[in-house]
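The values are calculated or read from the model by the stated rules, or taken from the named source; none is laboratory data. The structure displayed is predicted, hence computed values, not measured ones. Neighbour counts are summed over all protein chains in view; Cβ atoms, including those assigned to glycine, are modelled from backbone coordinates with ideal geometry.
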There are 2 protein chains.
Amino acid sequence: MKAGAVEVGHGSKVTQRGVNRGMSILDLFLRIIAIIATLGSAIAMGTTNETLPFFTQFVRFRAKYSDLPTFTFFVVANAIVSAYLLLSLGMSIFHIMRSRAQASRIALIFFDAAMMALLTAGASASAAIVYLAHKGNTKTNWFPICQQYDSFCHRTSGSLVGSFIGIIIFILLVLLSALSLSRR
Amino acid sequence: MKAGAVEVGHGSKVTQRGVNRGMSILDLFLRIIAIIATLGSAIAMGTTNETLPFFTQFVRFRAKYSDLPTFTFFVVANAIVSAYLLLSLGMSIFHIMRSRAQASRIALIFFDAAMMALLTAGASASAAIVYLAHKGNTKTNWFPICQQYDSFCHRTSGSLVGSFIGIIIFILLVLLSALSLSRR
C-alpha cells in the first residue's frame, strides 16, 4: 500500500516535469514565431520605397519609410525586439533542460514585459500614422496621402501585422512563464 | 540541536510570509498610484477644449480632443485600464490576506499584461499624433497645428505623462507577481 503511494507520487512528479518541459518547448516555439514576425515587420517597413511615375523639373515625388519619424521608430523597435528574442532563445533552451530554474524565469518575464511595451509602442504609433495617411483629418487640415502613394500605404499597413502578432505572442509568453513559475 | 533547526525553519517561514505580504501590499499601493495616473490622463485629455479668440462669419476655430480619433482612443483606453485597476484592487487585497494563492495570481499577471498592451497602444498612438501636431511633416504636407492651438497642444502633451507612468507601474506589477509566484 505504502509502496503504491510512493509510486503514484513519483509518477505525478514525472508527469509534472513533463508538463514543465512541454511548456518550455512551447515557449521556445512561440519565440521563434515572434522573431520571424517582428523581423519580417522591420524588413517590410525598412524597405518601403515608392517613386511616383511623374516628376517636375525640380521635384521627384518619392516616399520612403524614413520620411515619417514614427516609421523609423517602428523599424528600430522591431529590430531591437527581434534581437532580444534571438538572445532569449538561449534562456528558453536552458529552461527546457532545467525546468526548476527560478531566477532566470523571473528575469525573462520582466524583460518580456518591457520588450512588449516597446513593441506595442512602435506598432500603435505607426498604426496612428497609417490611419492618418489613409483617412486624413479635416479639422487639422492633414490630407490623406494614400491616394497618391498607394503602394507605399499598402506596404506600411501590411508591415504592422507582424508587430501585432508579436504583441499577442508576448502576452502568451508572460502567461506561460507565470504558469511555469507556479508549477515547481 | 534538532529543536533549534526546527525553530530556524519556522522563523524563516514566518519571514517569507512577511516578505510575501509586503510584496502584496506594495502591489496594492502601486495599483492605487496607477489608477490615479490613468484616470488623471483620461480626464485631462477628455476635458481638452480650446476655442480661439477670433472667428469668421462661418467658422469658429475650436479644437476638441474628439477632433482626432486617436485622442478618443486614448481616453477610452485609459478609462478601461483604470476601471480594470479598480476591480483588481479586490484581487490585490485578497492576495494580502492569502499569500499562497496561485491561480488568481496567474490570472492577474495575464490580465495585467493585456491591459499594459492596451495602455501602451493608446499612449504611444497619441504621442505620435502629438509629435505631428508639434513638428508637422513637410514630406506629407501635414502642417503643425500647435502654433494656433497652443493651449490644446500643451494639454494633450501633458495628459500623456499619466499614461506612461501607468505603463512603468504595469511592468513593475508583472515583476512583483512573478516574484510572488516563485516564493511559495
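What is the one condition in (1) more than 14 Å from every other protein chain (Cβ to nearest Cβ); (2) under 30 Å from A:Lys139 (Cβ atoms) that B:Leu89 does not satisfy?
B:Leu89 satisfies all of (1) more than 14 Å from every other protein chain (Cβ to nearest Cβ); (2) under 30 Å from A:Lys139 (Cβ atoms) except (2).
When both residues are 6+ apart or on different chains and their Cβ atoms are under 7 Å apart, which pairs have a first residue that lies in region A:103-127 and is over 26 Å from B:Leu179 (Cα atoms) and more than 8 Å from chain B (Cβ to nearest Cβ), and a second that is among the basic types (Lys, Arg) and crowded, with 23+ Cβ neighbours inside 10 Å?
Going by the 7 Å Cβ cut-off, there are no qualifying pairs.
Kindly provide the set of residues from region B:18-74 that are more than 14 Å from chain A (Cβ to nearest Cβ) and not in a helix (DSSP H, G or I), ordered by number.
The answer is B:Thr47, B:Pro53, B:Phe54, B:Phe55, B:Thr56, B:Gln57, B:Phe58.
Can you go through B:Asn141, B:Asn137 and tell me which one is surrounded by fewer than 18 Cβ atoms within 10 Å (Cβ to Cβ) and either under 30 Å from A:Glu50 (Cα atoms) or in contact (Cβ under 8 Å) with a residue 24 or more places away in the chain (or both)? Give the derivation first.
Values: B:Asn137 fails: surrounded by fewer than 18 Cβ atoms within 10 Å (Cβ to Cβ).
Residue meeting the stated conditions: B:Asn141.
A:Leu181 - would you say it is facing chain B (nearest Cβ under 7 Å), modelled with pLDDT under 90 and out of contact with any strand residue (DSSP E or B) (no Cβ under 8 Å at 6 or more places or on another chain)? Don't jump to the end; show me each part of the working.
Details: facing chain B (nearest Cβ under 7 Å): yes; modelled with pLDDT under 90: yes; out of contact with any strand residue (DSSP E or B) (no Cβ under 8 Å at 6 or more places or on another chain): yes.
Yes, satisfied.
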